[in-house]
Amino acid sequence: MAHATEFYSRAKGVLGENEDSYRLVFPDDGAPAFVEHEWFYHDPYNAGPTESDSARIAIQDFFSADHPREAKERLRGLLRALEKRM
């Protein structure tokens with residue numbers, strides 16, 4: 001089983017109906033670590049469909065893509081802390 005550490009989550013919208021969470025995942029099979037982004041977007045007024053899914057993102061791609069600035073800062077901090085432990 002892979003080890004995952006959530007480093008950022010947020011709920012947006014008047015009712016907190018749009019949720020995003022980000023985890024740093026270390027696979028057990030020796031594959032490179034990656035970021036998992038999971039989201040749930042719900043229209044509380046039922047005017048549109050509910051959308052939920054997840055995506056695996058290479059760490060370098062995460063930093064260059066359009067993700068929340070705070071999520072990138074937290075991942076940098078987590079990676080620095082892990083580096084110091086090694």
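The values are calculated or read from the model by the stated rules, or taken from the named source; none is laboratory data. Since the structure is predicted, the reported quantities are computational estimates derived from the model, not experimental observations. Cβ sites come from the backbone with ideal geometry, for glycine too, and all protein chains shown count toward neighbours.
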- Item | Total residues in the range 53-77, condition touching a Lys or Arg at 6+ places or on another chain (Cβ under 8 Å) and without any contact (Cβ under 8 Å) to a residue 60 or more places away in the chain | 2
- Among the candidates Arg80, Arg69, Arg10, single out the residue that is in contact with a Pro (Cβ under 9 Å, 6 or more places away or on another chain) and basic (Lys, Arg). Arg10
- Message: If the requirement is being at pLDDT 95 or above and among the small types (Gly, Ala, Ser), which of these qualifies: Ala47, Ala33?
- Response: Ala33
- Message: Against the definition (in contact (Cβ under 8 Å) with a residue 40 or more places away in the chain and either part of a strand (DSSP E or B) or not acidic (Asp, Glu) (or both)), how does Tyr45 come out, yes or no?
- Response: no
